[in-house]
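Just below is one structure, and these are the notes that go with it.
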Amino acid sequence: MYEAFYGLRERPFDLTTNPRFLLLTGKHREALSNLQYGLMSRRGLTLLVGEAGTGKTTLVQATIQGFERQGAKIAYLNNPTLTRGEFYEFLAGAFELDHTAAQSKVQLLRALEAKLGERRAAGILSGLILDEVQALPDELLEEVRLLANIETPTDKLLPIVLAGQPELADRLNQPSLRQLKQRVALRCYLQALDARETAEYIAGRIRVAGGNSVLVFTRQAVEAVFEGSGGIPRLISVICDNALISGFAADRRPVSRDIVDDVCRDFDLRGDKKQQSLPAPAVVAAAIPQPVPAAAHAESARSTTPAKGLPGKSLFEHFTVRRRFSLF
């Protein structure tokens, strides 16, 4: 709805895991390298840990796409709340096993080992990636451990990636899961973005969507996004998307700090950020493009009628900046 108003080809802040919008900060690049190396070198278990919204699933999707372009077969499960029988069904389907393989664990393991051996001989990489593993029942974590045992004398036939929130690391410290923890060959952690990375995240997404960040957000608005989100990419996207909707409704371009502040208040994104130290102005200024010239601001302020060719703009004219639009 607001794309043409801000000179965008598409919405830059949708809550999807589109690898096109992946920002490779130093932390994300290191994590991506660990995932790629863990699968390519067949290291057994690789652990990816990060708070909710830090970009784990987007990294996983980027990893899968990269390997599949090279002919690899990567099975991906992002809904781990399954029974043991349903987990067997998933494995049988994901690895293209005969439908009878899921009828018993013995048949499944025999068929899976044979399939993995065939692919290995043909030079085809196989892998398994499980997302949201902090919700995986203990009985299925034990099944994962047994899958990690499928190997030849020189190779793991099924490298596995476990991605989850910090509770996953805590669970692996339980005595009952010590054998699984011992099989973790690589660990990587995703943390929240700092002020510079937040600015790069916003500018990068706008650039991919075909826009110019200088014309979309002021530097002060980006500072407010960082303060409200704490550097969590998912929250950054939520704030920015709602700020663009509000700015579009109010005919404001670029989006200013007061609009972002209203969004953060409406989403109650201030109370838990009080203890976070704010970035030095010089750091933020270096990461965020300079604002548009004053003349451009004045011209935007004088514009009180919708731009031509913006269908649906009149629908928003009676809303205030403070109004949130949950329908998007």
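Annotations for the structure displayed:
- Odd one out for A114, checked against (1) within 32 Å of the chain's Cα centre (by Cα); (2) more than 25 Å from Q182 (Cα to Cα): (1)
- Restricting attention to segment 194-219, the residues that are closer than 14 Å to F21 by Cβ and not in a helix (DSSP H, G or I) total 3.
- With a requirement of 2 or more residues that are open to solvent by less than 40 Å² (accessible area, probe 1.4 Å), under 14 Å from V49 (Cα atoms) and not aromatic (F, W, Y), the helices (runs of 4 or more DSSP H) lying completely within segment 136-185 that satisfy it span 166-171.
For every residue, the table says whether it meets (1) at pLDDT 95 or above; (2) of a type in the set (D, E).
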{"position": "Y2", "(1), (2)": "no, no"}
{"position": "Y6", "(1), (2)": "yes, no"}
{"position": "L15", "(1), (2)": "no, no"}
{"position": "P19", "(1), (2)": "no, no"}
{"position": "G26", "(1), (2)": "no, no"}
{"position": "E30", "(1), (2)": "no, yes"}
{"position": "R42", "(1), (2)": "no, no"}
{"position": "G55", "(1), (2)": "no, no"}
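- Of all the residues in segment 1-49, those that are out of contact with any strand residue (DSSP E or B) (no Cβ under 6 Å at 6 or more places or on another chain), in a loop (DSSP other than H, G, I, E, B) and closer than 23 Å to I124 by Cα number 1.
- All of T54, T58, T81 fail the test of being among the β-branched types (V, I, T), assigned to a loop (DSSP other than H, G, I, E, B) and more than 24 Å from L147 (Cα to Cα), apart from T54.
- T63 in a loop (DSSP other than H, G, I, E, B) and β-branched (V, I, T): no
- Filter pass, R322 being at pLDDT below 50, among the basic types (K, R) and outside any helix (DSSP H, G or I): yes
- Criterion (buried (at least 20 other Cβ atoms within 10 Å of the Cβ) and either over 24 Å from Y201 (Cα atoms) or in contact (Cβ under 8 Å) with a residue 60 or more places away in the chain (or both)) met by exactly one of L116, L82, L109, L32: L116
- Restricting the first member to segment 210-235 and to residues that are in contact (Cβ under 8 Å) with a residue 60 or more places away in the chain and more than 16 Å from D262 (Cα to Cα), and the second to residues that are basic (K, R) and open to solvent by 20 Å² or more (accessible area, probe 1.4 Å), the beta-carbon pairs closer than 8 Å and six or more apart or on different chains are G210/R9; G211/R9; S213/R207; L215/R253; V216/R253.
- Residue among L77, L23 that alone is over 23 Å from V238 (Cα atoms), surrounded by 17 or more Cβ atoms within 10 Å (Cβ to Cβ) and touching a Phe, Trp or Tyr at 6+ places or on another chain (Cβ under 7 Å): L77
The values are calculated or read from the model by the stated rules, or taken from the named source; none is laboratory data. What you see is a predicted model; the values in this text were computed from it and never measured. Glycine gets a Cβ as well: all are built from the backbone with ideal geometry, and neighbour counts include every protein chain shown. We work out accessible area using only protein heavy atoms, side chains counted, and drop any ligands, DNA or RNA first. Shrake-Rupley method; radii C 1.70, N 1.55, O 1.52, S 1.80 Å.
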